[in-house]
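The values are calculated or read from the model by the stated rules, or taken from the named source; none is laboratory data. Remember, predicted model here, so these are calculated numbers, not experimental data. Counting neighbours? That spans all protein chains shown, and the Cβs are built from the backbone with ideal geometry, glycine included.
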Amino acid sequence: MGNKGAKGDKTPSTPKQEKGKASTPKGKTNESKNTPAQNSASSTPTKTAVPKAETTVAAKKTGGDNLPPKATADGKIEVGDLVPMDEMGPTWKDKDLYAKDGNKVNKDDFDIVSLIGKGSFGKVFLVRKKNGSDTGAVYAMKVLRKEAIFARKQVAHTKAEKTILAKIQQPFIIRLHWAFQTEQKLYMILDYINGGELFFHLKNEGRFPEERVRLYAAEIASALSHLHSLDIVYRDLKPENILLNNDGHIVITDFGLSKQINPTEGTQTFCGTPEYLAPEVLRGEGHGTPVDWWSLGTLMYEMLTGLPPFYSQNINIMYQKILSGELRFPTYVSPDAQSILEGLLTRDPEKRLGSKDKQASDVMSHPFFKSINWTKLNNKEIEPSFKPKVKNEACLDNIDKVFTSEKAIDSVVEDSQIGDAVNGGHFDNFTFVGNSMMSGQ
């Protein structure tokens, strides 16, 4: 287990800022989140040493070829209602709480150790189990305020995140152990991944060697292939959502924008993080799983060079670059790396690398991955070249001190109106206990 493993809500914010410019630390506007510098690509702006566009866009496209909502004066994206009220369901009556030993579990079964992430919907804490066969084990506890979820029409996405995580067991995807609720809050107990998020390390190092990028990209591709085989589109791949465990393997977290789709119909929702949005999302054409391969290409380019390929501090210029800008490479990017990036960053989703089949055979068979044994990869038998410095399972050294320095309190919500929102504010079918926890594994 390791570092947060959880995150949270999606709040619009600005794109990455220029290195050296003052900025407030990234406050994980998602429920949680979270190294000698090397020069970034000379063909792109200098990478920030401070938090980047942690913001996620969340709005319903209204059609046509118009660009997405413009940034406001403070750099935020104006968003509309993401989920209509009638999608929130008529009843919210799931009150039962469970644990692997058959006893009820609630927030009082965990000691809060530290704050490790914070967003507009709530917080993420490092916690330690107080009882049961796993007494003393550490987890990430993601706490979401129902009032904020109802107000922002995010009920469907919140329930989808729990539902998707409950059905997935994959080596490079965060594991959900429990989900329960009180009258005012939702709780998800996940693995604590203690190696920090990819953004934390990329910010400190500037860019990564190609061999390191190859392993990270292969592990991400394995996870995406598994999700797509279940007709799940992830839609928020970025360095902030990739964690490193103590052995240096990646763990994908934050499924708040994920969705199970009909593969023949796709989905229309305009959502994601500005730097990583695929062209078809910006064009409002509807989208499916190929958007994740575009985001992987963007992430790989950023890991290799220090910035996303079409980055601009002006969000609208960045959108135009994503739609029609030329893809350029620094001279140190190898031919095989350039080739796979060109394939992943193909603007036509039907021709994009990864769209051939759900198993992503064209991605995995690409020459860039010729040294990867996929069976060994999925068994975590390929040793990472970089391992985070971790003292113990509860180590906080790789978590931004802007969180860990704050007093860790699961505060009481006062004067809540959620009781009047939807039949008492209970989330139908939210409670969950992982099979591994029930079997005592």
Looking at T331, is it crowded, with 16+ Cβ neighbours inside 10 Å and either in contact with a helix residue (DSSP H, G or I) (Cβ under 9 Å, 6 or more places away or on another chain) or not in a helix (DSSP H, G or I) (or both)? no
Scanning the range 125-142 residue by residue, those among the β-branched types (V, I, T) and at pLDDT below 95 turn out to be T135
May I ask you to list the residues in the range 126-140 that are β-branched (V, I, T) and touching a Leu at 6+ places or on another chain (Cβ under 8 Å)? V138
Would you confirm, using the coordinates I've provided, whether E350 is modelled with pLDDT under 95, farther than 30 Å from N245 by Cα and either assigned to a loop (DSSP other than H, G, I, E, B) or not hydroxyl-bearing (S, T, Y) (or both)? yes
Checked the range 126-170 for anything in a strand (DSSP E or B), under 24 Å from V233 (Cα atoms) and touching a helix residue (DSSP H, G or I) at 6+ places or on another chain (Cβ under 7 Å); matches are L144
I need the full set of residues from the range 229-278 which are buried (at least 22 other Cβ atoms within 10 Å of the Cβ), on the phi > 0 side of the Ramachandran plot and modelled with pLDDT under 90, in order please. G272
Among the numbered conditions (1) within 23 Å of A137 (Cα to Cα); (2) of a type outside the set (V, I, T); (3) surrounded by 20 or more Cβ atoms within 10 Å (Cβ to Cβ), tell me where Q170 comes up short. (3)
Checking Y311 against (1) buried (at least 24 other Cβ atoms within 10 Å of the Cβ); (2) within 21 Å of L353 (Cα to Cα), which single condition isn't satisfied? (2)
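Can you find a residue in the range 235-242 that is within 21 Å of E205 (Cβ to Cβ) and part of a strand (DSSP E or B)?
Taking every residue of the range 235-242 in turn, at least one turns out to be within 21 Å of E205 (Cβ to Cβ) and part of a strand (DSSP E or B).
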On the given criteria, is L186 under 25 Å from L396 (Cα atoms), under 16 Å from the mean Cα position of the chain (by Cα) and not in a loop (DSSP other than H, G, I, E, B)? no
Run down L215, L227 and say which single residue is more than 16 Å from the chain's Cα centre (by Cα), of a type in the set (A, V, I, L, M) and within 24 Å of N373 (Cβ to Cβ). L215
Hits in the range 334-362 - residues which are over 26 Å from the mean Cα position of the chain (by Cα) and either more than 22 Å from A218 (Cβ to Cβ) or not small (G, A, S) (or both): P335, D336
Any residue that is closer than 26 Å to G122 by Cα and touching a strand residue (DSSP E or B) at 6+ places or on another chain (Cβ under 6 Å) - is there at least one of those in the range 222-234? yes
